[in-house]
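A.B. asks: My structure is below; once you've seen it, I'll send some questions.
The values are calculated or read from the model by the stated rules, or taken from the named source; none is laboratory data. All figures in this text were calculated on a predicted structure; none of them were measured in a lab. Positions of Cβ are generated from backbone atoms using ideal geometry, with glycine treated the same way; all protein chains shown enter the neighbour counts.
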Amino acid sequence: MTPRQQSRRLVSSAAPATLLLLLLAGAADAEPPLVGVSPQDEAYFAPQVIACRDGSGSFPRSRLNDGYCDCTDGTDEPGTSACPEGKFYCINTGDLPRILFSSFVNDNICDCCDGSDEYESGIHCPNTCKKRHDTAETDNGVSELSVAHLGGTDIISSKHTLDIEDLIQKLRGLRMAAVIELGVVVCIFVFYFARRSTRARRRQYILKRKLWPLQFISVFFLSVVLPPIHIYCHGFSKV
């Protein structure tokens with residue numbers, strides 16, 4: 001074998017290994033997919049170093065959706081259930097988008113109508129967005145659906161938030177009413193016992209005034225009348 005043939009053989013044998021190394025390097029450098037991120041927020045996750053929305057810190061883009069919670073508000077885990085405070089964005093093409101809590105991601109229950117929340121659970125979620133879209137169409141063929149980005153929350157979440165706020169206001173009103181009723185009851189008891197004490201003192205005063213003549217007569221009899229009678233009776237007994 002000539003030196004030229006040996007060189008060609010070495011190059012041909014090294015080509016698969018070089019291709020494998022390039023593929024591995026490309027996979028290592030590939031950016032993680034933006035799973036669970038709304039289209040309006042894609043620019044926020046574009047930098048190589050991303051800040052947590054709550055200001056608690058930052059994280060490299062390679063740690064996006066890596067299954068480990070780096071931000072307390074779940075900014076780094078929009079597509080996993082690693083962060084309790086994380087939020088998953090359902091695109092729901094053809095229907096209304098939806099925001100889920102991260103605990104709903106890959107829980108074997110289809111929450112998004114497009115099934116995007118169960119991308120790693122292994123179950124098959126049929127896309128029901130088209131059916132819901134057809135149901136929502138009016139008789140003249142004009143769709144009444146509208147997709148709106150409501151500051152990070154969807155219409156359903158906003159309704160639930162309003163319901164919770166209304167419940168909190170009602171509870172506060174009930175608590176205030178209970179405090180007022182308790183205050184009225186306490187005032188009634190205080191007035192009742194104060195009046196009863198006043199009447200008792202007045203009764204004692206009236207009783208003392210009624211008994212004063214009798215007390216005076218008793219003292220007068222014991223101190224003035226009784227001694228002479230006693231002396232007289234004592235002398236008569238000696239005779």
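A.B. asks: Just to verify a result, which residue in the range 88-144, among those that are small (Gly, Ala, Ser), farther than 18 Å from Asp41 by Cα and buried (at least 16 other Cβ atoms within 10 Å of the Cβ), is modelled with the lowest pLDDT? Give the derivation first.
C.D. replies: If we filter the range 88-144 for residues that are small (Gly, Ala, Ser), which is where we start, we get 94, 102-103, 115-116, 121-122, 136, 141, 143.
Adding the requirement that they be farther than 18 Å from Asp41 by Cα leaves 94, 103, 115, 121-122, 136, 141, 143.
With the extra rule that they be buried (at least 16 other Cβ atoms within 10 Å of the Cβ), the set shrinks to 94, 115.
On the way: Gly94: 85, Gly115: 93.
Among those residues, the one meeting the criterion is Gly94.
A.B. asks: Go through Gly122, Gly94, Gly86 for me and flag whichever is of a type in the set (Gly, Ala, Ser) and out of contact with any helix residue (DSSP H, G or I) (no Cβ under 9 Å at 6 or more places or on another chain).
C.D. replies: Values: Gly94 fails: out of contact with any helix residue (DSSP H, G or I) (no Cβ under 9 Å at 6 or more places or on another chain); Gly86 fails: out of contact with any helix residue (DSSP H, G or I) (no Cβ under 9 Å at 6 or more places or on another chain).
Matching residue, one of Gly122, Gly94, Gly86: Gly122.
A.B. asks: Given the criteria among the aliphatic types (A, V, I, L, M), modelled with pLDDT of 70 or more and in the same structural domain as Thr75 (by TED's automatic domain parsing), does Ile180 qualify? First the steps, then the outcome.
C.D. replies: Working: among the aliphatic types (A, V, I, L, M): yes; modelled with pLDDT of 70 or more: yes; in the same structural domain as Thr75 (by TED's automatic domain parsing): no.
No; evaluated as a whole, the condition is false for this residue.
Okay, residues lined up against (1) within 20 Å of Asp117 (Cβ to Cβ); (2) acidic (Asp, Glu); (3) at pLDDT 55 or above; (4) touching a strand residue (DSSP E or B) at 6+ places or on another chain (Cβ under 6 Å):
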residue	(1), (2), (3), (4)
Ser7	no, no, no, no
Leu10	no, no, no, no
Leu20	no, no, no, no
Ala25	no, no, no, no
Ala43	no, no, yes, no
Cys52	no, no, yes, no
Thr72	no, no, yes, no
Glu77	yes, yes, yes, no
Thr80	yes, no, yes, no
